[in-house]
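The values are calculated or read from the model by the stated rules, or taken from the named source; none is laboratory data. A quick note: this is a predicted structure, and the numbers were derived from the prediction, not measured. Cβ: placed from backbone, ideal geometry, glycine included. Neighbour counts: every protein chain shown.
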Amino acid sequence: MGIPFEDLVVIREGKNLDEPSVVTVNCPDKAGLGCDLCRIILEFGLRVTRADVSTDGRWCYIVYWVVPHPASLKVDWESLKTRLLSACPSCLFSYYFNQQSTTPSPPPIYVLKVWCIDQKGLLHDINEILCNLQLIIQRVKAMPTPDGRVLDLFFITDGMELLHTKKRQDYVCEYLMDALGERCISSELQLAGPEYGQIQGFSSLPPAFSEELFGSELLDKVYMHPLSKDMTTLKKPTVMVDNSLSPVHTLLQIQCVDQKGLCYDIMRISKDSDIKVAYARFSSSVKGFQNIDLFVQQNDGKKIIDPELQKTLCSCLKEEMLHPLRVIIVNRGPDTELLVANPVELSGKGRPRVFYDVTLALKALGVFVFSAEVVRHSTQERQWEVYRFLLDESHGFPLTSSKARSQIVDKVRRTLMGW
């Protein structure tokens, strides 16, 4: 008989702000399911504080303890359940189907054109509205005009998969204009055409910018955690490999600073490295640090014995836990540009809510964004999603001093990490 489809995902909301909500997923397994579920949870602005993952390769049982971040965030739990269900195979037979199926076609891209009176924090306000509508930003192009207006192009996909209907399109435009009020001049939504092909191309970052953003020097830098009073109390991530506790699995014991998206980052690395997680426990944060136990196998079902493979995997995990995102400020001629980069999954998906967090941090600082865009950039190792913000210092926030620039980088990074 199996489990009814609606019971594959069960959500028990916390009774108060201090109590986490519990999300339970009990469904057939498929490759990369843990990563896909964590991505959706992150899209809804939720932070995983604890997690238990168990699977025999055919059926999985996963429990996430989650809290809204920030705590005041209103979560649409029914929509979250619907999205999580969409990621779950619906029956036992789907396990075999998913192992043989080809990569699903990407969702259609729509372009939302918004004419607005340009104001501080406008990009974040629009982004917040789109998040509330379950619209996922794939690319952004903000183009200000000399008369104080701005044309924002948001290339989006729909988490509800309803944008092909006129009812959904009209609702999005009306909701956006009502929420923005007098700031919004007009909005238009349609299926993206050739303009998306022109804007989604790979960026041509100057070599100096690319080296600073992706070079090895950044990997040696340790950022201050808000619970650390000095650099000596901030531990770098550690990864220990143990093949003695299980006859068929390799144990990875991880200790690192707790941060937003940690569960997603680790599951993404496992998915992209073809590492199967049979059992995982993410413990509750203690003094700002989290302990993680992963029992894993290679894709062929064998333990990770090869020392070089162990070294590569450990190095990758440490790098991603220490620097899941890269943040720098550079000079672009006479202008100041903020660059934020995150690795892209092999499936082509970027990290959720990066644009949201960056614009939130800039709004809090009172930094005015002159223009913004999201592009892709390739290095030898991987593909990156790069957010480029051209900052405007004509509205009171100084951008020339090193102290002000450090303040921007620190605020943006802390917001992204959830510190």
Answer from ILE185, ILE117, ILE156 - the residue that is in contact with a helix residue (DSSP H, G or I) (Cβ under 8 Å, 6 or more places away or on another chain) and surrounded by fewer than 18 Cβ atoms within 10 Å (Cβ to Cβ): ILE117
Cβ-Cβ under 6 Å pairs, at least 6 apart or on other chains, region 152-181 side closer than 20 Å to LEU123 by Cβ, far side among the small types (Gly, Ala, Ser) and crowded, with 18+ Cβ neighbours inside 10 Å: ASP152/ALA142; PHE155/ALA192; CYS173/SER187; LEU176/SER187; MET177/SER187
Residue among ASP76, ASP7, ASP18, ASP36 that alone is within 19 Å of the chain's Cα centre (by Cα) and over 22 Å from ILE292 (Cβ atoms): ASP76
Tally of residues being farther than 23 Å from ARG39 by Cα and either without any contact (Cβ under 8 Å) to a residue 40 or more places away in the chain or of a type in the set (Lys, Arg) (or both) across region 107-151: 11
Entirely in region 316-419, the strands (runs of 3 or more DSSP E) that have 3 or more residues that are over 17 Å from ARG139 (Cα atoms) and not small (Gly, Ala, Ser): 326-332, 335-343
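Can you name every residue in region 247-278 that is among the hydrophobic types (A, V, I, L, M, F, W, C) and part of a helix (DSSP H, G or I)? Write out each step before concluding.
Step one: list which residues in region 247-278 are among the hydrophobic types (A, V, I, L, M, F, W, C), which gives 248, 251-252, 254, 256-257, 262-263, 266-267, 269, 275, 277-278.
Result: LEU262, CYS263, ILE266, MET267, ILE269.
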Matching option when the condition is modelled with pLDDT under 95 and either assigned by TED's automatic domain parsing to the domain that holds ASP36 or under 20 Å from THR400 (Cα atoms) (or both), among VAL367, VAL344, VAL340: VAL367
Unmet requirement for THR359, which otherwise passes all of (1) surrounded by fewer than 20 Cβ atoms within 10 Å (Cβ to Cβ); (2) polar (S, T, N, Q); (3) under 16 Å from the mean Cα position of the chain (by Cα): (1)
Residues satisfying the stated conditions in region 275-296, i.e. farther than 16 Å from TYR64 by Cα, surrounded by fewer than 16 Cβ atoms within 10 Å (Cβ to Cβ) and either outside the structural domain of GLN253 (by TED's automatic domain parsing) or not hydrophobic (A, V, I, L, M, F, W, C) (or both): LYS287
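Would you confirm, using the coordinates I've provided, whether VAL75 is in a loop (DSSP other than H, G, I, E, B), out of contact with any Asp or Glu (no Cβ under 8 Å at 6 or more places or on another chain), modelled with pLDDT of 90 or more and under 21 Å from ARG12 (Cβ atoms)?
Numbers: in a loop (DSSP other than H, G, I, E, B): yes; out of contact with any Asp or Glu (no Cβ under 8 Å at 6 or more places or on another chain): yes; modelled with pLDDT of 90 or more: yes; under 21 Å from ARG12 (Cβ atoms): yes.
So VAL75 fits the description; yes.
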Yes/no for ASP357 being on the phi < 0 side of the Ramachandran plot and touching a Phe, Trp or Tyr at 6+ places or on another chain (Cβ under 7 Å): no
